[in-house]
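Below is one structure; the comments refer to it alone.
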Amino acid sequence: MFIFLLFQLALSTLYGQVQTIKYDQITNFSGRPDTTTAMLTIDLNKNVSLYEFGKVEKEETISQHVQQDGSLSIRAGKRIDTIGSYVRTDLITGHLELREKAVGNYFLVSDTISVDWSDIMVDTVINGMDLKKTTCSFRGREYTVSFLPDDNLSAGPWKFRGLPGLIIEASDLNKEVTFKAQAINREPEIHELAEPQKIAEIPYFSNYEDFRKERNKLREQDVSSLKNRDGNGQNRRIVVSQVKVDYLEKD
């Protein structure tokens with residue numbers, strides 16, 4: 001477990017030109033929490049941030065889990081991948097360049113978002129830090145978000161931005177998706193953000209909506225081709241409606 005160092009940040013604003021923040025990215029779609037370590041690098045010289053997660057150092061096989069409601073939850077297998085997923089954000093325009101994973105495959109996607117932040121902000125304290133808390137709606141989920149106020153910065157994990165400060169925690173209403181900052185390095189070894197590696201063979205989508213349609217189509221094709229053995233040892237085809245497949249974004 002990473003030592004929580006965020007109290008250091010509460011003593012001063014983020015004047016350093018390059019900051020790195022380590023997050024726990026926690027998903028809990030089927031009653032079995034899955035925690036991924038993610039890294040956010042903020043380069044104020046370039047006005048760019050890079051959020052990286054999902055690198056795989058060891059292969060994992062596909063797993064299946066029948067839930068109480070009878071639906072089948074599928075956890076996709078994982079191949080070794082030293083790049084993983086990333087979200088590169090232009091901190092001036094808000095434009096995103098993504099490496100998204102769906103049904104075991106990666107895609108490059110351009111995205112422009114507008115997070116619907118609530119105007120209501122209340123004070124909260126986390127690990128001795130004085131933070132602000134607010135809520136937002138974003139692509140099918142309702143989030144509660146805590147952030148450290150900073151007039152010189154607007155950044156956070158994944159695709160979250162638009163608040164006056166650094167987002168420390170974010171969790172959706174059903175606790176299926178959670179982001180928690182674990183450590184901040186205000187004097188990182190790097191002095192400039194390294195641009196993510198791009199592979200030319202990966203399919204590219206110029207907008208998120210086209211990617212979402214392709215992702216859902218691939219998901220239906222993949223799920224409908226799965227087979228499972230019933231109690232009699234007979235193969236039976238699984239239809240899409242029996243399978244629960246979740247993503248960070250519902251819409």
When (1) more than 20 Å from Y23 (Cα to Cα); (2) among the aromatic types (F, W, Y); (3) surrounded by 15 or more Cβ atoms within 10 Å (Cβ to Cβ) are applied to F160, the one that fails is (1)
Of all residues in the range 142-157, which are assigned to a strand (DSSP E or B) and surrounded by fewer than 19 Cβ atoms within 10 Å (Cβ to Cβ)?
E142, T144, P149
Scan of the range 119-150 for residues that are of a type in the set (D, E, K, R) and within 23 Å of E176 (Cβ to Cβ), ordered by number:
K133, R139, R141, E142
Within the range 197-213, which residues are crowded, with 16+ Cβ neighbours inside 10 Å and either part of a helix (DSSP H, G or I) or at pLDDT below 90 (or both)?
Y208, F211, R212
Residue that is farthest from the chain's Cα centre (by Cα) [pool: residues in the range 102-120 that are touching a residue at least 24 places away in the same chain (Cβ under 8 Å) and more than 18 Å from N207 (Cβ to Cβ)]:
W117
Considering each residue of the range 122-134, count those that are of a type outside the set (A, V, I, L, M) and surrounded by 16 or more Cβ atoms within 10 Å (Cβ to Cβ), and give that number.
4
Filter the range 121-136 for residues that are modelled with pLDDT of 95 or more and under 23 Å from the mean Cα position of the chain (by Cα); the one that is nearest to T93 (Cα to Cα) is C136
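The values are calculated or read from the model by the stated rules, or taken from the named source; none is laboratory data. Fair warning: this is a prediction, and the values are worked out from it, not measured in the lab. Don't worry about glycine lacking a Cβ; one is built from the backbone with ideal geometry, like all the others, and counts go over all protein chains shown.
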